[in-house]
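*Asks:* There's a structure below that I have some questions on.
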Amino acid sequence: MKSTRTWRAALASCCAIALLAPAALAQEAAPDDGALKLKSVTVTATKREENIKDVPVSLTSLDESALQAYGQAGEDIQFLTARVPSLIIETSFGRIFPRPYIRGLGNTDFDFNASQPVSFIYDEIVYENPVLKGFPVFDTERVEVLRGPQGTLFGRNTPAGALKFESVKPGDELDAYARASYGSFGTTNVEAAVGGPVSDRVSLRLSGVFQRRDDYVETALPTGGADAGGYEDFAWRAQAKVEVTDNLTWLGNLHGRTLDGGQVSFQANAFQTGSAGPRPGFDRELTFADAQINSVLETDVFGFTSRADWDLSGVELTYLLGYETVETFSRGDVDGGAGAAFLPTGSTPGFIPFPAESADGIDDHQQITHELRLSNGDDAALRWTAGLYAFDEEIDISSYSYDTLAGGIENGSAFQTQDTESIAVFGNLAYDLTDRLTGQIGLRYTDESKDLTARRVVSPFGAPPLSPPTVSVGDEQLSWDASLTYAVNDDTNLYGRIARGFRAPSIQGRLVFGDVITTADSEILDSYEAGLKTTLLDGRLDANLAVYAYTVEDLQLTAIGGAGNFNQLLNAEEGKGYGFEADIRALLSENLAFSAGLSYNNTEINDAGLTAGICGSACTVLDPIDPVTGGALIDGNPFPQAPEWIANFAFDYTRDFRGGELFATTDWSYRSDANIFLYESIEFTAEGRWEGGASLGYRHGPWSAKAFVRNLTDEVGTVSAIDFNNLSGIFNQPRIYGVELGWAL
């Protein structure tokens, strides 16, 4: 797993893409057809509308058609995994709590107050809690994936990057659409939206999505078992846009979600000692979990966003208010099997030392954000933005354990309350130094405090009740960035960027299985990046290339599971990463479009004395073992859940036929092997794999019909694992195929 690749190899690969991709595509393009051009891509990565080519940041934008294709089989937000360079999303909770990683940097923590170094920003509101980040993607204009620190404009907890979700807003003309699909395992996906003006100054938009699936994981137990995998998920959004005066516009956004089911199905002894990948004969659609009958996942989300924009004679004043709240409860059979080795009846499948059934919930939560900013016109030689930001979050978390052998009665409980307050002031300047050279600088000051109170009522191991004093952490940090962009010509930009971002201090107080509240200091990331953005072949091909390197001081890590089944925060002295990213879009002909992406991400933990607890199951640890602590020495290991290679490509073919249009699409993504935990072992590896999908359909007037398939090859891939009890695993979704009928005004 430890890479010996050098910068020379990474740069050589990057240059090869730049040279070979245009040459290969030129043979397919129509060189004399000047009207055949790609649509320009507009993004708001700098809180201004700009052409993606002019933004000095490595980023990819996914439009509505791509999002529809990737998520058409009722998929949750994990469908974004490997669909763009350097992005991975995994979870151990199912349809909630996505754990994102960009350039290898993320957080494996599964507690509901976990902080993450990748921010999710929905219609300019930061969704801090991990459960909020799982909000379904529907009626979405685009998703922007920003790689590298975004601390100046988007604040703390963005050292790895950010995902920006932009919903379709109310417009000045009536538009509507509806799509309904049905597929294998009863997979149903219904999405609809309608919007338009209701008066000269008021426009509305209503949209929603309903997704469901039958239980597709069948129980192998003759009695006491239950099927798994089903869910019902409904999300909605209601927006109003009001032209209050000629220079004042208000946009309101109400949204919510109700989810029942969709929890992870843990698979006991899915791996075999001494081997990587699923064991021989493993079937992800079969469960031996005897406590699956008690498994539940229920989630309710509600939020409100208010945005006001005043045009003050060349200066725009914007005020954003965001309110979000979430309640959730998840209970699961964590050991993923039946019985226990010490019972006369034994355990199945394989050796399970003891049953493990636990639950976590968010009992009360609210997040309130304010942002006030001023900015001048986009056409000025000196473009500036200045603002104030405030964030306040309160969350109550409960954790439970159960005695499966006694009928699932509660035998352990603990509770946490965490309050977070953060304020910031920020500014950004961009200046056209010449007609070809633009410089940009940004600065943000953040002051944050966090208080956590935790108590244990009952321990499943017989430990007494525990109520440690309130633990507080806080920090003041400056995040900044500086860049230069040089326009070689009208079609090609070169840029260089240096940036500092940070993740605020964290607290972990999961006391149901432990006695210690742990904390982690702020991690500070310094990034160096250079890139090329160009349009070639008379506008038929866009290519974006970037190389980067970063160093993280006091890297925040989470040591989860292990023989002690703890969840503890650590600070490594240093973490390092480097690599490259490339993506292209091309029109190969008037009928055929192509896109592709590739990234290489090398990461390494640098801390000679740092140890992490190892598996309580029969795994094969590859790291040296510290004789004092019994933990693995993890110096030199890659970051967890950080594949070195990520690739994707897609083809979109259309052709006129009998007054309508035939269309066919296929898309494929690849991720290489990744370490699941901080320590390295043979068994706990998310193995490399390709996953793809395809669709074939016909449009005529406002109507469309198509057949589709996701995970076309029915690839079985490891998503994550549980290492404290047995060689238990979590796996990707099976092949889903179906048909869809659509209508659009």
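*Asks:* Just going by the charge dipole of the chain, with Lys and Arg at +1 and Asp and Glu at -1 on Cβ, which of T654, I368, A424 is farthest out on the positive end?
*Replies:* The residue sitting most towards the positive pole is T654.
*Asks:* Next question. Treat each spin label as a single point 7 Å out from the Cα along the C-beta direction, and report the K39 to E687 distance in nm.
*Replies:* 4.0 nm
*Asks:* Within the set of other residues whose C-beta is less than 10 Å from the C-beta of A356, count the net charge using Lys and Arg as +1 and Asp and Glu as -1.
*Replies:* Overall, the nearby charge balance is -3.
*Asks:* Here's another thing I want to ask about it. Please give the length that would be gained between L741 and S65 if that part of the chain were fully extended, namely 0.36 nm times their separation in residues minus their C-alpha to C-alpha distance (nm, one decimal).
*Replies:* Difference between extended and current length: 241.8 nm.
*Asks:* Let me cross-check W645: its accessible surface, 1.4 Å probe, with only protein heavy atoms counted, in Å² to the nearest 10?
*Replies:* W645 has an accessible surface of roughly 60 Å² with all protein chains in place.
*Asks:* For a bin width of 5 Å, list the pair-distance distribution of region 469-579 built from all Cα-Cα distances, rounded to whole %.
*Replies:* Cα pair-distance distribution for region 469-579, in percent: 2, 10, 15, 14, 12, 11, 9, 8, 7, 5, 4, 2, 1, 0.
*Asks:* In whole percent, how big is the carbon plus sulfur part of the accessible area of the chain, probe 1.4 Å, protein atoms only?
*Replies:* After summing per-atom areas, the C and S share lands at 57 percent.
*Asks:* Among K164/K576; K37/K533; K133/K164; K47/K164; K133/K169, which pairs are too far apart, with a Cα-Cα distance over 18 Å? Before the final figure, lay out the partial values.
*Replies:* Details: K164/K576 25 Å; K37/K533 16 Å; K133/K164 11 Å; K47/K164 11 Å; K133/K169 20 Å.
Pairs exceeding the cut-off: K164/K576; K133/K169.
*Asks:* From the helices alone, meaning DSSP H stretches of at least four residues, give me the mean residue ellipticity at 222 nm for the chain, per-run term -39500 (n - 2.57), in deg cm²/dmol to the nearest 500. Write out the running numbers ahead of the final one.
*Replies:* Working: 3 runs with 31 residues, N = 745.
Mean residue ellipticity at 222 nm (helix-derived): -1000 deg cm²/dmol.
*Asks:* Projected onto the charge dipole of the chain (+1 at Lys/Arg Cβ, -1 at Asp/Glu Cβ, origin at the Cα centre), which of G562, F580, N606 gives the Cα projection farthest towards the positive end?
*Replies:* Going by the Cα projections, it comes out as F580.
*Asks:* Taking the chain, how much of its Cα-Cα pair set, in percent, is spaced more than 43 angstrom apart? Kindly include the intermediate steps, with their values, before the conclusion.
*Replies:* Details: 66340 of 277140 pairs.
Tail fraction, whole percent: 24.
*Asks:* By average Cβ neighbour count within 10 Å, what is the ranking of 256-269, 372-385 from highest down?
*Replies:* 256-269, 372-385
*Asks:* What is the angle, in °, between the Cα long axis of helix 7-26 and the longest principal axis of the Cα atoms in the chain? Nearest 10 is fine, range 0 to 90.
*Replies:* 50 degrees
*Asks:* Please say if region 532-637 is rounded, prolate or oblate, where rounded means a/c under 1.5 for a ≥ b ≥ c the square roots of the C-alpha gyration tensor eigenvalues, and otherwise the choice is prolate for a/b larger than b/c and oblate otherwise? Intermediate values should be presented prior to the final figure.
*Replies:* On the way: a/c = 4.25, a/b = 2.68, b/c = 1.59.
Here region 532-637 falls in the prolate category.
*Asks:* Right, next: In Å², and per residue, what accessible area does the chain have when probed at 1.4 Å with the other protein chains present?
*Replies:* Per-residue accessible area for the chain comes out at 38 Å².
*Asks:* Could you check the spin-label model distance between D447 and V202? Points 7 Å from the Cα along Cα→Cβ, value in nm.
*Replies:* Simple spin-label model gives 4.2 nm for this pair.
*Asks:* Counting pairs of alpha carbon atoms under 8 Å apart in space and at least six apart in sequence, what relative contact order in percent does region 566-701 give?
*Replies:* On the way: 308 pairs, mean separation 29.8, N = 136.
Answer for region 566-701 is 22 percent.
*Asks:* To the nearest 10 square angstrom, what accessible area does V126 show with a 1.4 Å probe?
*Replies:* About 20 Å², rounded to the nearest 10.
*Asks:* Region 184-221 to region 225-276: how many Å between their Cα centroids?
*Replies:* Centre-to-centre (Cα) distance: 11 Å.
*Asks:* On to the next question. So the label point goes 7 Å from the Cα of V425 along Cα→C-beta, right? Which residues of region 387-403 then have their backbone N under 11 Å from it?
*Replies:* 387-389
*Asks:* Any chance you could run the full-extension gain for L662 through V457? It's 0.36 nm times the residue separation minus the Cα-Cα distance, nm to one decimal.
*Replies:* Full extension from L662 to V457 adds 67.5 nm.
*Asks:* Where Lys and Arg each count +1 and Asp and Glu each count -1, what net charge lies around D290 among other residues with Cβ under 12 Å from its Cβ?
*Replies:* -3
*Asks:* Taking the Cα centre of each part, how many Å lie between region 443-462 and region 105-182?
*Replies:* Comparing the Cα centres of region 443-462 and region 105-182, I get a distance of 25 Å.
*Asks:* In debye, nearest 20: dipole of the chain around its Cα centre with unit charges on the Cβ of K, R (+) and D, E (-)?
*Replies:* My answer is approximately 1220 debye.
*Asks:* Sort 699-710, 76-87 by the packing proxy (mean of other Cβ within 10 Å over each peptide's residues), most packed first.
*Replies:* 76-87, 699-710
*Asks:* Using the per-residue mean of other Cβ atoms lying within 10 Å as a proxy for protection, in what order, highest first, do the peptides 316-323, 344-351, 600-607 fall?
*Replies:* The most tightly packed comes first, giving 600-607, 316-323, 344-351.
The values are calculated or read from the model by the stated rules, or taken from the named source; none is laboratory data. The structure displayed is predicted, hence computed values, not measured ones. Positions of Cβ are generated from backbone atoms using ideal geometry, with glycine treated the same way; all protein chains shown enter the neighbour counts. With ligands, DNA and RNA removed, areas are computed over all heavy atoms of the protein, side chains included. Shrake-Rupley method; radii C 1.70, N 1.55, O 1.52, S 1.80 Å.
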